């Protein structure tokens, strides 16, 4: 398999206030402190082209700028009026796409403000979640979104040109997805009709890119990561053809490639841990020690441009952690 590449350089965030240090793994003393607090079910983060760190507050329907860290409880949101905002995808042309899981669409939030009347970039989707921008074999852009099509069926869908269902193409088909359990976020953050969302389609599949732009998909429910060829394909066929790069993991959440060493870092929400592996050295990761453990429902890792600092959303307690000294 081809070696992975680094992601484009990301700006380093402002330092946060000090918080207690914890020792987690046998790799040595990982240092962790609170970076941002007072968030409402933070689920996804992303750096924008101009160096802002945005975070989705999934059950609050808004997105906040947390670049400077600190207490975000009374911070004015950058965007509000969304239905279950999840993954955030800044594009080179200044657009910032966000998936609205409960609304079944993807919107451009680049101008900020109230999104209730903002026209959708991609509509008529089924529980869209993870967004990623990759490059096709001919060098053109491809934008894909993970969808849950039923309680046990998911796919990666290409939505490069936006539009509605007839404009979309299945890119990775027949991926496993299983029902989620209620109660994985604080009761106070649930919508009034929470039963609609708790019974099924809660376990998602995640996407990411490697150092050289390779497309990776975390098949969260079964603890696997696949490298996706340019033409996509059927999940079972890709597994049979040797495209697995990691397996033996627990139920997975978000993942991201380290900007310097090219390793993929992924969260395991129920286990409260962050794991790391080399995508160009496929193996069973079940016996590898985590980089961090003891977090409350971690959902999303991101890095500073120099790779020395990792930021991790903890949706269970509404915070973002700042992690250093993890490269040991």
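Points worth noting:
- From 110, 94, residue being at positive phi and surrounded by fewer than 18 Cβ atoms within 10 Å (Cβ to Cβ): 94
- Considered as a group, the residues in the range 122-141 that are within 24 Å of residue 49 (Cβ to Cβ) and surrounded by 19 or more Cβ atoms within 10 Å (Cβ to Cβ) include one that is modelled with the highest pLDDT, and that residue is 122.
- Of the residues screened, residue 44 is one that is part of a strand (DSSP E or B) and within 19 Å of the chain's Cα centre (by Cα).
- When the range 221-235 is filtered for residues that are within 19 Å of residue 257 (Cα to Cα), modelled with pLDDT of 90 or more and outside any strand (DSSP E or B), only 229 remains.
- In summary, residue 74 fulfils each of the numbered conditions (1) out of contact with any helix residue (DSSP H, G or I) (no Cβ under 6 Å at 6 or more places or on another chain); (2) at pLDDT 95 or above; (3) assigned to a loop (DSSP other than H, G, I, E, B) with the single exception of condition (2).
- Of the listed requirements (1) farther than 30 Å from residue 273 by Cβ; (2) touching a residue at least 12 places away in the same chain (Cβ under 8 Å), residue 132 misses just one: (1).
- The combined condition, being over 30 Å from residue 70 (Cβ atoms), out of contact with any strand residue (DSSP E or B) (no Cβ under 6 Å at 6 or more places or on another chain) and surrounded by fewer than 19 Cβ atoms within 10 Å (Cβ to Cβ), is fulfilled by residue 237.
- Within the range 237-256, the set of residues being within 20 Å of residue 87 (Cβ to Cβ), free of Cβ contacts under 8 Å to residues at least 60 places away in the same chain and in a loop (DSSP other than H, G, I, E, B) comprises 249, 251, 252, 253.
- Checked against the criteria, residue 89 does not count as touching a strand residue (DSSP E or B) at 6+ places or on another chain (Cβ under 8 Å), over 21 Å from residue 305 (Cα atoms) and part of a strand (DSSP E or B).
- Some residue of the range 291-313 being farther than 28 Å from residue 212 by Cβ, surrounded by fewer than 17 Cβ atoms within 10 Å (Cβ to Cβ), out of contact with any strand residue (DSSP E or B) (no Cβ under 7 Å at 6 or more places or on another chain) and without any contact (Cβ under 8 Å) to a residue 40 or more places away in the chain: no
- If you go through the range 99-116 and keep only what is outside any strand (DSSP E or B) and touching a residue at least 12 places away in the same chain (Cβ under 8 Å), you end up with 101, 102, 103, 104, 109, 110, 112, 115, 116.
- Some residue of the range 277-285 being at pLDDT below 95 and closer than 26 Å to residue 72 by Cα: no
The values are calculated or read from the model by the stated rules, or taken from the named source; none is laboratory data. The shown structure was predicted, so the numbers you read here are calculated from the model rather than taken from an experiment. In this analysis, Cβ positions are derived from the backbone assuming ideal geometry, glycine residues included, and neighbour counts consider all displayed protein chains.
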